[in-house]
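Q: My questions all concern the structure below.
The values are calculated or read from the model by the stated rules, or taken from the named source; none is laboratory data. It should be emphasised that the depicted structure is a prediction, and the values quoted were computed from it without experimental measurement. For neighbour counting, all protein chains shown are included, and Cβ atoms are generated from backbone atoms with ideal geometry for every residue, glycine included.
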Amino acid sequence: MTAVQRVLVVGSDSHAWLAAAALKRAFHRRGLDVCVLDLGATGDAPVARWTLPSLLGMLSLLGIKETDFVRRTDATFKLATEHRGWQSATSRFLHAHGELGIELAGVPFYRYLLQQAVRRSKERHELYSLAAMAARSGRFARPMSHSRLTSSFTYALHVPEASCAAYLREHAERLGVRRIEGRLEHVALAPSGDIDELILANAGRAKADFYVDCSGRAGRLIGRVCDAPRDDWSAWLPNDRMLSAAAAPIDDARAVTETIAQETGWLWRLPLARSSAVGFVYNSAFLSDEAAIERLVSFGAVRSEDVSRTVLSQGRRQRFWERNCVALGEAALEIEPLAGASLHFTQLGIATFIEMFPIARDTRLETIEYNRTVGEYADSLRDFTIAHYMTSARSDAYWAAARAAAPPLRLQHKMDLYAATGRIELLDNEVFDETDWAWLLLGSGAFPDRIGLHSQSTLSNLRSGDLVGLRESIERLAATMPRHMDFVRQHG
């Protein structure tokens, strides 16, 4: 068997450069040669991304200073996502990053809020989150470790795709990652079925022991070595188009991603340091592309010629790792950006691959375990995204169609158990934790019929008045934070 000494990453976006930098950083003492075949822009990515807090940890592991990354990429901070119009024309709720309340004698705080709702004494759950209160009021500060409350939240970033990819490329090259340019003409296979080499335009060739496919939705490499069909999620996630565009800056912008439900899809908007970005995710069976572009142009005050257009085919590979090729980014999974987890899913794939990095070319056991683990990550991301539509109360034909298909069995079980007991069951390798699900279910007004007996007993004597001090402390701390955009300019 031949040990893996050379890895070729194929792609040009943030997924590709994140993978290349992570592999080089992880195995630099082993002398692993990492090269990126830069294919140029694929048009798959939106003009900007909202992320999850895990990106900050990944940047730190790569040796990247957060302040430098934020300043040089035109990024801003993200404390929450605000979902508007998902229940009714005037409804809105936040999904904030970080804790919700405090643990009560071993019982998660969200169950107290559920008990209050069951008792018809519903409370505003956002009042018990420092991240949510700061986000609502347009304020931001990094967590501080000197008290439980000031360390009770975390945050993510809004970042333009082009500047993010450029920054990661520069950093990867400093780490020793090589870069070549070329147009991929053909993927040549060895008699074993492994990828032997890549044939480029102008008779060029690129050869490695292992290949990382970040070529976008086309999956130029993984599609050549793996003939397994994709899992098609369109029955549950029927949106098949995504538009995005750069827009003018937002005055005094909050650290918030906005999603705004429409009768045929949902719009989004996020702030950047010197601009903003807008987008529209929709189903072409309910709205023509021309009408969708007009909607986005009106919403974002952008020009139609500046709108980036992407065709979505939501689903995932059944096998992400096949022979000497692993797929990351859109080559592995296509899903609308509602949960902001695109880069997070790639990070999970990278981390799992590094853990199972092949010692030799015979990778049958590692491949099986990788595909099982990453498949569970993918399905949990799918379920969390579907749950936004399941819990919507809108009656438009588009929304009714999105709820028409019976949900995946694992999601149906989760929702049934929650409805019966107020318990949020987490399976292995879930992307979102119990608190994330609580934010979604509380915000959408999806309350259980009852909560479990143990929670009832523990919380039986607790009343809203007992928590006045907690609410006041959160409100007071949020008010002391600087304005979000002031923080970006001064401390980014």
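Q: Got a sec? Which of 41, 80 is among the small types (Gly, Ala, Ser) and touching a residue at least 40 places away in the same chain (Cβ under 8 Å)? Explain how you work it out, then say what you get.
A: On the way: 41 fails: touching a residue at least 40 places away in the same chain (Cβ under 8 Å).
It is 80.
Q: Given the conditions (1) surrounded by fewer than 23 Cβ atoms within 10 Å (Cβ to Cβ); (2) outside any loop (DSSP other than H, G, I, E, B), which single one is not true for residue 212?
A: (1)
Q: Please pick out the residue among 227, 252, 231 that is modelled with pLDDT of 95 or more, under 30 Å from residue 212 (Cα atoms) and charged (D, E, K, R). Lay out the reasoning, then the answer.
A: Values: 227 fails: modelled with pLDDT of 95 or more; 252 fails: under 30 Å from residue 212 (Cα atoms).
The unique qualifying residue is 231.
Q: Here's a check for you: in the range 162-184, which residue that is of a type in the set (Asp, Glu) and at pLDDT 95 or above is farthest from the chain's Cα centre (by Cα)?
A: Going residue by residue through the range 162-184, those that are of a type in the set (Asp, Glu) are 170, 173, 181.
Then drop every residue that is not at pLDDT 95 or above, which leaves 170, 173.
On the way: 170: 23, 173: 26 Å.
Ranking the candidates gives 173 first.
Q: Follow-up question, since we're still on this one. Of the residues 274, 295, 323, 319, which single one is charged (D, E, K, R) and closer than 17 Å to residue 242 by Cα? Please lay out each step first, then the result.
A: Details: 274 fails: closer than 17 Å to residue 242 by Cα; 323 fails: closer than 17 Å to residue 242 by Cα; 319 fails: closer than 17 Å to residue 242 by Cα.
When all the criteria are applied, what remains is 295.
Q: Which pairs have Cβ atoms under 9 Å, sit 6 or more apart or on different chains, and link a residue in the range 52-73 that is surrounded by fewer than 19 Cβ atoms within 10 Å (Cβ to Cβ) to one that is in a helix (DSSP H, G or I) and modelled with pLDDT under 95?
A: Final answer for the pair search is 67/491.
Q: Name every residue in the range 460-475 that is surrounded by 11 or more Cβ atoms within 10 Å (Cβ to Cβ) and within 23 Å of residue 140 (Cα to Cα), in order of residue number.
A: Within the range 460-475, 470, 471, 472, 473, 474, 475 qualify.
Q: Give me the residue from the range 220-234 that is in a loop (DSSP other than H, G, I, E, B) and of a type in the set (Lys, Arg) and, out of that set, farthest from residue 383 (Cα to Cα).
A: If we filter the range 220-234 for residues that are in a loop (DSSP other than H, G, I, E, B), which is where we start, we get 220-221, 226-230, 233-234.
Narrowing the set further to residues that are of a type in the set (Lys, Arg) leaves 220, 230.
Details: 220: 27, 230: 17 Å.
Among those residues, the one meeting the criterion is 220.
Q: Under 15 Å from residue 322 (Cβ atoms) and free of Cβ contacts under 8 Å to residues at least 60 places away in the same chain: does that describe residue 189?
A: When the stated conditions are applied, residue 189 passes them.
Q: For residue 111, are the conditions met, namely being touching a strand residue (DSSP E or B) at 6+ places or on another chain (Cβ under 9 Å) and in contact (Cβ under 8 Å) with a residue 60 or more places away in the chain? If you could, list the steps in order and put the result at the bottom.
A: On the way: touching a strand residue (DSSP E or B) at 6+ places or on another chain (Cβ under 9 Å): yes; in contact (Cβ under 8 Å) with a residue 60 or more places away in the chain: yes.
So residue 111 passes the test.
Q: Now a separate question. Filter the range 131-178 for residues that are surrounded by 17 or more Cβ atoms within 10 Å (Cβ to Cβ) and among the basic types (Lys, Arg) and give the result.
A: The answer is 136, 139, 169.
Q: Just to be sure, is residue 487 assigned by TED's automatic domain parsing to the domain that holds residue 108 and assigned to a helix (DSSP H, G or I)? Before you say what the answer is, go through the steps one by one.
A: Working: assigned by TED's automatic domain parsing to the domain that holds residue 108: yes; assigned to a helix (DSSP H, G or I): yes.
When the stated conditions are applied, residue 487 passes them.
Q: Could you say which residue among 299, 280 is free of Cβ contacts under 8 Å to residues at least 40 places away in the same chain, within 25 Å of residue 156 (Cβ to Cβ) and over 21 Å from the mean Cα position of the chain (by Cα)?
A: On the way: 280 fails: over 21 Å from the mean Cα position of the chain (by Cα).
None of the others qualify; the one that does is 299.
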